[in-house]
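Reviewing the structure listed below.
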Amino acid sequence: METFELEKNIWTENDFEQMGWHDCSIHAFAIDSDAYDDFVKCDLLFDIDYIFKWVLTEDKSRYCFWVAPSTLIFTEVTDLKFQYASGTSFLPELEISNISRKEKIYENGYKSWHWQIELVGDNFISFDSTGYKQIIKRTPSYMNRQVLTQTERGGINFDCTPVTN
């Protein structure tokens, strides 16, 4: 089995082009307004399993994955919108299909991003934010599935302590 070397333990909006969240599971989310005193902005936190790498097995019959629990934090969030309906054909899990962004420049020169998190089942989360950081909480594990169990990931949490390399 190959090994996986973690390039870094904190990723930001500067790394957006290198990152992909397809098939990453969201276990929980939270809105944190403690960092701001104007009650207009907040941080939006996601407790996710981040898939670092898809690996085709030697017999080419299936994929295995390098997965790590992570806290994804979008900063100074405004204009938050959710659309979510589980329907009857699948469990009400939150799984990311894609994350996209468009730069926003205001008349006063202030820059921000409009983010769209596309979820499985025509669901989405959209908002404006100045950026993000993604904190890797544990060393990636090699698995035959894309999601960690609660025990493997240390339960649901928004820990911001990065794993040490």
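Every number here is computed from the coordinates shown, using simple stated rules; none is lab data. Keep in mind that this is a model prediction, so the values were computed, not measured. As a convention, Cβ positions derive from the backbone with ideal geometry for all residues, glycine included, and neighbour counts pool all protein chains shown.
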Karplus ³J(HN,Hα) for segment 144-161 (6.51 cos²θ - 1.76 cosθ + 1.60, θ = phi - 60°; Hz, whole; x = Gly/Pro) runs 8, 9, 8, 10, 8, 6, 4, 5, 4, 9, x, x, 7, 6, 10, 4, 10, 8
Gain in span if fully extended, Val40 to Glu2, counting 0.36 nm per residue against the direct Cα distance: 9.0 nm
A correct fewest-to-most ranking of Phe82, Phe46 by other Cβ atoms within 10 Å would be Phe82, Phe46
Using θ = phi - 60° and the Karplus relation 6.51 cos²θ - 1.76 cosθ + 1.60, list the HN-Hα couplings for segment 50-58 in order, rounded to whole Hz, with x at every Gly or Pro. 8, 8, 7, 7, 9, 10, 6, 5, 4
Taking the alpha-carbon centre of each part, the distance from segment 110-128 to segment 1-73 in Å is 15
In segment 105-165, which chymotrypsin sites (Phe, Trp or Tyr not before Pro) fall in coil by DSSP and have 12 or fewer other Cβ atoms within 10 Å? Tyr106, Tyr110
If the chain between Asn108 and Asn157 were fully stretched, how many nm would it gain, using 0.36 nm times the residue separation less the Cα-Cα distance? 13.9 nm
Which FRET efficiency value, to the nearest 0.05, do you get for Tyr63 and Thr130 by plugging their Cβ-Cβ distance into 1/(1 + (r/R0)^6) with R0 = 41 Å? 0.75
Put in order of increasing Cβ neighbours within 10 Å, starting from the fewest, Lys41, Lys60 give Lys60, Lys41
Please order Cys42, Cys64, Cys160 by the number of other Cβ within 10 Å, starting at the fewest. Cys160, Cys64, Cys42
Quickly work out the Asp79-to-Ile10 label distance, labels modelled 7 Å from Cα along the C-beta direction, and quote it in nm with one decimal. 2.8
Loop GluC sites (Glu not before Pro), segment 1-97, which have at most 11 other Cβ atoms in a 10 Å radius of their Cβ (DSSP): Glu2, Glu5, Glu7, Glu58
Just want the answer: with Cβ charges of +1 for Lys and Arg and -1 for Asp and Glu, which residue in Val55, Ile136, Ser25 is farthest toward the dipole's positive end in the chain? Val55
Over the chain, what is the relative contact order in whole percent, taking alpha-carbon pairs under 8 Å and six or more residues apart? 29
Dipole in debye (nearest 20) - the chain, about Cα centre, beta carbon charges: Lys, Arg +1; Asp, Glu -1: 300
In terms of modelled amide H atoms, which long-range or inter-chain residues lie less than 5 Å from the amide H of Ala28? Asp47
